[in-house]
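One structure below.
The values are calculated or read from the model by the stated rules, or taken from the named source; none is laboratory data. Because the structure is a prediction, the values reported are computed rather than measured. Methodologically, a virtual Cβ is constructed for each residue, glycine included, from the backbone with ideal geometry; neighbour enumeration extends over all protein chains shown. The area values use the complete protein model at the heavy-atom level, side chains included, leaving out ligands, DNA and RNA. Shrake-Rupley method; radii C 1.70, N 1.55, O 1.52, S 1.80 Å.
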Amino acid sequence: MDNKNLIELLLIDYRWIVVLFFLLPASFLYNLFYSVRSKIIFRLHSAPKNHDQKVTKIQKQVREWKKSGSNAKMCTARPGWQTMSFRKPMYKKSSYQINCNLVDVLEVDTNRKIVRVEPLVSMGQLSETLAALGWTIPIVPELDDLTVGGLVMGTGVESSSHIFGLFQHICISYELVLADGSLVNCSERENSDLFYAIPWSYGTLGLLTAVEIKIIPATKYIRLHYEPVIGLQNIVDRFEQASRDTKKNHYVEGLLYTLNEAVIMTGEMVADSEIEWSKVNDIGKWYKPWFFAHVRGILKKREKTYEYMPLREYYHRHSRALFWEIQDIVPFGNNSIFRYLFGWLLPVKVSLLKLTQTETVKRLYENNHIIQDLLVPTSTMKKCCEEFDRLVNVYPIWLCPFLLPSNSGMLKPSKGMEKDLYVDIGVYGVPKDRHFDPVKTTRAIEDLVEKCKGFQMLYADTYRTEEEFRRMFDHTLYDKMRRKYRCEAAFPEVYGKVNKNVRD
């Protein structure tokens, strides 16, 4: 056996060795460095001073692209392995790459109730910065490494989305460098068409350089209620009932462990005076069970219960186990001995997992794994769960409710469904159905979502044809903005950045 085959064998059958002894320490050091750097930069107030200089450099690069003949379309120079998507975007190889070192929190304005950030600020970085000041953004997508730019240009959803909508709906304004190198700001009142076209555009209308996001006062703890529910129809009914009670439930989430067993969780911020300290669960501590395993233990008891949790630890409750994906890489990761000895190194960075991924591992992953978030009306939730059980049989399944305001842009409810509540059904893992085929199965799921008048999140593989893609997402405003800002020669269309052919 030659060295190449030996390395591939190790990466396939003993990938946990690489994760444990290389990727986890590297992830820990990376996170530590950027956490310290972020605190220093924010306290020195140097980020706002440097921001204008960084934007000027981006504008200069765009003008140099124009002078060079504009032969290739532009994209950011951020390496594909650094993104949170498990796929590596191959279109970058043939694109003109623009360096955008935009990684800082710029300003927290408690009078206006906004935070201004650069697009590569992560959710972990932002929640840490705001928590120290007693504030939070209304929607905090749970994985630490998700970036503001990815959540704006793509999308983000969390357990408070039944109140606030998707991540794009808590954004106040965007700053972009356009195809001609000019800088523009857009909001509901200024360049409003561009403002509504930006979400889901995947960097195909301009280069995002700053975002203003709403902030709200935050308590230090939430009270989290757990309710095991048996029977799929009961699960759907209880989930929708909890989601519509926006006055009582600040947060709503469901974990479906089998087709007929789930735990519905509801939470609310609480003052310190309301806390029963004996019922506090510091779920973010390194030695604690992974959150989905903790909830599964509650399901087995079949009893309602509640506990108190630090707010920021609640926000990032799924980070350590990447929801439950890490169990397929480190199967003993939730063992108490492992947690006490090595749990402090988690979470492993998806970017490093991708960086060390061989072609063999990549093929095995693509052919034996599914990761999809499907956004559908709750009226179709039962039907969709039954079909996912038949097509992939992957559990747990994540259930997250959200509002979908009828704004202009690529994503809006169908006519007559403006008041409907939606649910994100997150399916992540290794399918147990022996007939699973990555293309045929995903196509079947996509067809189901379209019939249900829903939408597919675009960070994962999509096998839609361009015609089918345009049926799912309204391109009317998007196409208008592409023409107005002369994007056709400067940036690929969104379909050209998310379809499977450029995500191999």
Can you confirm whether the stretch 306-322 contains a residue that is in contact with a helix residue (DSSP H, G or I) (Cβ under 8 Å, 6 or more places away or on another chain), aliphatic (A, V, I, L, M) and at pLDDT 95 or above?
yes
Looking only at the stretch 115-142, which residues are among the small types (Gly, Ala, Ser), over 23 Å from Asn185 (Cα atoms) and not in a loop (DSSP other than H, G, I, E, B)?
Gly124, Ser127, Ala131
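Identify all residues within the stretch 89-102 that are in contact with a Pro (Cβ under 9 Å, 6 or more places away or on another chain) and either modelled with pLDDT of 80 or more or basic (Lys, Arg) (or both); write none if there are none. Show your work before the answer.
The initial filter retains those residues of the stretch 89-102 that are in contact with a Pro (Cβ under 9 Å, 6 or more places away or on another chain), namely 91-92, 95, 100, 102.
The answer is Lys92, Ser95, Cys100, Leu102.
With respect to Glu175, determine if the residue is buried (at least 20 other Cβ atoms within 10 Å of the Cβ) and over 26 Å from Leu322 (Cβ atoms).
When the stated conditions are applied, Glu175 passes them.
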Using the structure shown, decide if Pro289 is out of contact with any Cys (no Cβ under 7 Å at 6 or more places or on another chain), in a strand (DSSP E or B) and not acidic (Asp, Glu).
no
State yes or no: is Gly416 within 23 Å of the chain's Cα centre (by Cα) and of a type in the set (Gly, Ala, Ser)?
no
Cβ-Cβ below 9 Å, separation at least six or inter-chain, first residue in the stretch 297-319 and among the acidic types (Asp, Glu), second surrounded by 15 or more Cβ atoms within 10 Å (Cβ to Cβ) and assigned to a strand (DSSP E or B): which pairs?
Glu303/Tyr226; Glu303/Pro228; Glu307/Arg223; Glu307/Leu224; Glu307/His225; Glu307/Tyr226
Could you identify the single residue in Glu446, Glu450, Glu418 that is open to solvent by 20 Å² or more (accessible area, probe 1.4 Å), within 23 Å of Glu158 (Cα to Cα) and not in a loop (DSSP other than H, G, I, E, B)?
Glu450
Only one of these is at pLDDT 95 or above, open to solvent by less than 30 Å² (accessible area, probe 1.4 Å), touching a Pro at 6+ places or on another chain (Cβ under 7 Å) and closer than 22 Å to Tyr257 by Cα: Ile370, Ile298. Name it.
Ile298
Ile170 being within 22 Å of Thr129 (Cβ to Cβ) and either touching a residue at least 60 places away in the same chain (Cβ under 8 Å) or of a type in the set (A, V, I, L, M) (or both)
yes
Would you confirm whether any residue within the stretch 226-238 is outside any strand (DSSP E or B), over 19 Å from Gly297 (Cα atoms), charged (D, E, K, R) and in contact (Cβ under 8 Å) with a residue 40 or more places away in the chain?
no
Considering each residue of the stretch 462-483, count those that are open to solvent by 10 Å² or more (accessible area, probe 1.4 Å) and modelled with pLDDT under 90, and give that number.
1
So is Met84 in contact with a Leu (Cβ under 7 Å, 6 or more places away or on another chain), at pLDDT below 90 and either closer than 30 Å to Pro310 by Cβ or open to solvent by less than 10 Å² (accessible area, probe 1.4 Å) (or both) or not?
yes
Which numbered condition trips up Leu403, out of (1) open to solvent by less than 40 Å² (accessible area, probe 1.4 Å); (2) hydrophobic (A, V, I, L, M, F, W, C); (3) closer than 24 Å to Met265 by Cβ?
(1)
Kindly indicate whether Tyr495 is open to solvent by 30 Å² or more (accessible area, probe 1.4 Å) and under 30 Å from Arg296 (Cβ atoms).
no
Positions within the stretch 196-230 being closer than 30 Å to Phe388 by Cα, open to solvent by 20 Å² or more (accessible area, probe 1.4 Å) and over 23 Å from the mean Cα position of the chain (by Cα), in sequence order:
His225, Glu227, Pro228, Ile230
Sole exception among (1) open to solvent by 30 Å² or more (accessible area, probe 1.4 Å); (2) modelled with pLDDT under 65 for Pro48, by number
(2)
Show the residue pairs meeting these rules: Cβ distance below 6 Å; 6+ apart or different chains; first residue within the stretch 388-414 and over 24 Å from Thr441 (Cβ atoms); second residue among the β-branched types (Val, Ile, Thr) and crowded, with 23+ Cβ neighbours inside 10 Å.
Pro401/Val252; Pro401/Val423; Phe402/Val157
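Among the residues of the stretch 394-436, what is the count of those that are within 29 Å of Arg296 (Cβ to Cβ) and not aromatic (Phe, Trp, Tyr)?
Total meeting the criteria: 20.
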Within the stretch 234-265, restricting to residues that are open to solvent by 10 Å² or more (accessible area, probe 1.4 Å) and charged (D, E, K, R), the one that is farthest from Phe164 (Cα to Cα) is Glu261
The correct count of residues that are among the aliphatic types (A, V, I, L, M) and free of Cβ contacts under 8 Å to residues at least 60 places away in the same chain in the stretch 246-263 is 1
